[in-house]
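Student: Quick one: the structure is below, and I'll ask about it shortly.
Nothing in this text is a laboratory measurement; each read-out follows from the coordinates by a stated rule. The shown structure was predicted, so the numbers you read here are calculated from the model rather than taken from an experiment. Every residue, glycine as well, gets a Cβ built from its backbone with ideal geometry; the counts of neighbours run over all protein chains shown.
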Amino acid sequence: MSQLPEPAEDLALFQLRLRSEAEASGYHLNPDNAFVKMLAEGLLANRQRYGYQSCPCRLAEGNRKADLDIICPCDYRDADINEFGSCYCALYVDSQIAKGEKKPQPVPERRTAPKALPKAKTAQAPAKLAYPVWRCRVCGYLCGRDEAPDQCPICKADKERFELFMQ
């Protein structure tokens, strides 16, 4: 789908564009026009909602980068068509389904669930430090010593620009 439709684009025109682009690329759309119309409405709704045409059969994050794999045609289309005869939402189908020789079957989800981030281990600062920690207010340099340095070794700020950070 090289050209994204305008939000006000006529649904019938959008369906024609989907079909012609699919056929020009060697793909087939589902022969059930009412079903294709429903999916086209979903694609247009997602285009208006998110600014991109995410698969209407999957839950989009609303973040283009996170959803790149499910922007129609999705990354899983070819593998799904080869293995099951249609893509996940059955918009794109193989030639047997396109000719009406067989019906689309359910396709399992290939998209992996986002991995939960491991819970960060939080460490407590020791109750008593061997030396106080001084922080340069200009660049953030930290040093542990009895007094702040005369000059920051990073940004060359003078001693008065340091503050006691931890004791």
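Student: Setting aside same-chain residues fewer than 8 positions from residue 65, which aspartates and glutamates have a Cα under 18 Å from its Cα?
Tutor: Residue 65 reaches 75.
Student: While we're here: Show me the trypsin sites (Lys or Arg not before Pro) within the range 15-109 that DSSP assigns to loop and that have at most 16 other Cβ atoms within 10 Å of their Cβ.
Tutor: Details: sites: 17, 19, 37, 47, 49, 58, 64, 65, 77, 99, 102; in loops: 58, 99, 102.
When the trypsin sites (Lys or Arg not before Pro) of the range 15-109 are filtered for loop state and at most 16 Cβ neighbours within 10 Å, 99, 102 remain.
Student: Please determine, in degrees from 0 to 90 and to the nearest 10, the orientation of helix 33-50 with respect to the longest principal axis defined by the Cα atoms of the chain, where the helix direction is its Cα long axis.
Tutor: Tilt relative to the chain: about 20 degrees.
Student: Right, something else. From zero up to wherever the largest Cα-Cα distance of the chain sits, split into 10 Å bins and tell me the percent of pairs in each.
Tutor: Bins of 10 Å from zero give 9, 26, 19, 7, 8, 12, 13, 5, 0 percent of pairs.
Student: Given the rule -39500 (n - 2.57) for each run of at least 4 DSSP H residues, summed and divided by the residues of the chain, what is its mean residue ellipticity at 222 nm, to the nearest 500 deg cm²/dmol? Numbers along the way, then the final one.
Tutor: Numbers: 5 runs with 48 residues, N = 167.
Value at 222 nm, helices only: -8500 deg cm²/dmol.
Student: Run the numbers for residue 34 and residue 131: contour at 0.36 nm per residue of separation, minus the present Cα-Cα distance, in nm.
Tutor: Details: separation 97, 0.36 × 97 = 34.92 nm, distance 7.44 nm.
Taking 0.36 nm per residue and subtracting the Cα distance, the gain is 27.5 nm.
Student: Determine the relative contact order of the range 11-98: mean sequence separation of Cα pairs under 8 Å and six or more apart, normalised by residue count, in whole percent. Mind dumping the intermediate values first?
Tutor: Values: 105 pairs, mean separation 24.0, N = 88.
Relative contact order for the range 11-98 comes out at 27 percent.
Student: Something else now. If amide H atoms are built 1.01 Å from N in the plane of the peptide, which residues on other chains or at least 5 residues away come under 5 Å of the amide H of residue 28?
Tutor: Residues meeting the amide H criterion: 93.
Student: Moving on to the next point. Which FRET efficiency, nearest 0.05, do residue 111 and residue 63 yield, Cβ-Cβ r, R0 25 Å? Don't jump to the answer; show the numbers that get you there.
Tutor: On the way: r = 15 Å, r/R0 = 0.58.
The calculated FRET efficiency here is 0.95.
Student: Place a label point 7 angstrom from the Cα of residue 23 along the Cα-to-Cβ direction, then list the residues of the range 69-100 whose backbone nitrogen is under 18 Å away.
Tutor: 91-100
Student: Put a dot 7 Å past each Cα toward the Cβ at residue 167 and residue 101; how far apart are the dots in nm?
Tutor: Placing both labels 7 Å beyond Cα along the Cβ direction yields 8.4 nm.
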